[in-house]
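The values are calculated or read from the model by the stated rules, or taken from the named source; none is laboratory data. None of the values given here were measured: they were computed from a predicted structure. Virtual Cβ from ideal backbone geometry, glycine too; neighbours counted across all protein chains shown. The area values use the complete protein model at the heavy-atom level, side chains included, leaving out ligands, DNA and RNA. Shrake-Rupley method; radii C 1.70, N 1.55, O 1.52, S 1.80 Å.
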Amino acid sequence: MFIHLIKYLLIILTISYISCSKDKGNYNYQNLARLTITDQQGKVIDGATYTVSAEQTFELQVQATTSPTQSTAPKLDYLWLIDRDTLSRTKQLTVSASTIGIGKKNGKLIIIDRQTGLSYSNAFSLVISAGVGRGTYILTEDEQHQSSLFMRNADSTSGFRRITALGQLQLGKRPIGMDVTYLTAPGTRNPYKQLTVSCQEGEYPMISVDFETFVPTKAFAAHTALISGEILRPTYSFRDSFAVSNTLFEGIVLINGKCHNILNGRIGDDVYRADPLDYDFGNQNVYFSPKEKGVLLTGFDQKSERIRIFSSKDRNGIYNANFDEKLANIAYWTKGHRLIALADIASPFNSNLISWQYLTYVDGQFYSMTINLTYGLYENAIANYLGAIPQMVGAVNFRFIDGYWYFAQGRTIYRVPIFSNALEAYLTLPPDQSGDIVSWNVYRDPGGRINYVGIASYQPQASSKRKGSYYRFDFRSQQFDQQERYTIDKAVDIELCL
């Protein structure tokens, strides 16, 4: 019994000694390295988004960087997943985008450090697009008026890609134009949200696609799109550039000279059917105020030969009201005139002011007129006589930019101020016999500066299959950086989404 007691005391003393001994800090510590995974451009993969055309091969080369730096490179295993499907177990991912399928995919790269057994998960998004993403889009028609869309990615060095359908929906005949819808407000580098192609004829005259994937999001069928039951044969379509954030109004369509609003994928009745003058805006003599989101609209009534301003729903809730009484004193200004172009010219920094500019023509003379409204109420009208400007007769693609009317005649783009006839040549195509300009457009950077001008010409006598040509002028280098003869059909509209 006594012997056992001594053993217990010795054990207790030993434990106490060990517990009280000083920690000399002589352990063998080893810092675990942290891995950072980047792609071939040095961008961190985790959280990144990659967009690739369905016709391209997607390649992702990774570089693993340890922190702190190790003397020897870690031995790593790689596992690439797309929506839980294993694509590869190699360091570099190379896969044909068409095998993945159109749409936005969830990607993941799992890396396992063989030495430590630690795994690192890197999530990324992969958008497989039926389109080309940021780039140049040209809507064309062939000699039978069949529509095609020629497009090319902004970074591509190859030729245009031509399509005749959006998804499974065939483009129609006699194309009208394109509208690009943005996601955010002006003044930022707008992410493009939606592209709409409009034609006069076809099973689906108007088709909208998601800009990222180029998958159709809305299709306006010829026989069912109109609430009234009429056949949809638009001559003009104008979509609000920020319609994705507007739940009350998406745009307007002209059908037989009458104005119809677009909302929730349907096209309403003639908004101004109660007009006592039974207005006729012709094929495209209309423009709405982006500030008022469809509440206020102006047009040139070719039946009464006068400027009209309508309120589809004013602040008192009165429908089909018009401003004829306010404009009665200027009705004679445009008697016998023909409208050449119409634009909204108000400053985006004055939310209370609406200014519309009208360019008209009569007896060989041109006139410039401005109508101003403040808080939705008529304020004043200003008329300017521009006189005879031969270059404007038969000109195409009138655009209002920063106080000037720009237009194309022959192989030159001209411009003239709205308050004078000081005409000047703005840009002329190289002398290569590729025909006259039929369409053009500009790309402006977030600061409002014009960086590029895209120009399409057409030579009906060309012996080649394609009779249209495309040029792009870079204002930063002051030269044409793209010149491609006879690569497209006759252009109707150009959008530079760069």
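Worth a mention:
- For the chain, the relative contact order comes to 8 percent (Cα pairs under 8 Å, sequence separation of at least 6).
- Averaged per residue, the chain has 51 square angstrom of accessible surface, using a 1.4 angstrom probe with ligands and nucleic acids left out.
- Listed pairs Lys43/Lys108; Lys75/Lys105; Lys105/Lys193; Lys335/Lys490; Lys193/Lys467 exceeding 27 Å between Cα atoms: Lys75/Lys105; Lys335/Lys490; Lys193/Lys467
- Lys303-Thr412 FRET efficiency (beta carbon distance; Förster radius 41 Å; 0.05 resolution): 0.75
- Between Asn352 and Glu203, full extension at 0.36 nm per residue minus the direct alpha carbon distance yields a gain of 49.5 nm.
- Value of [θ]222 nm, deg cm²/dmol, for the chain, DSSP H segments ≥ 4, -39500 (n - 2.57) each, nearest 500: -1500 deg cm²/dmol
- For the pair Asp83 and Ser96 in one chain, pulling the backbone fully straight at 0.36 nm per residue adds 3.1 nm over the alpha carbon distance.
- Per-residue extension of 0.36 nm, minus the Cα-Cα distance of Glu325 and Glu59, leaves a gain of 89.3 nm for this segment.
- Accessible surface of the chain, 1.4 Å probe: 50 percent of it comes from carbon and sulfur atoms.
- Short-range pairs are left out: with C-alpha atoms under 8 Å and at least six residues apart, the relative contact order of the stretch 81-195 is 15 percent.
- Efficiency of FRET between Ala388 and Glu143 - r from beta-carbon atoms, R0 35 angstrom, step 0.05: 0.50
- Rounded to the nearest 20, the size of the Cβ-charge dipole of the chain about its Cα centre is 1640 debye, with Lys and Arg at +1 and Asp and Glu at -1.
- Rounded tilt (10° steps) of 2-20 against the dominant C-alpha axis of the chain: 40
- Between the beta carbons of Thr374 and Asp402, assuming R0 = 22 Å, the FRET efficiency works out to 0.50 to the nearest 0.05.
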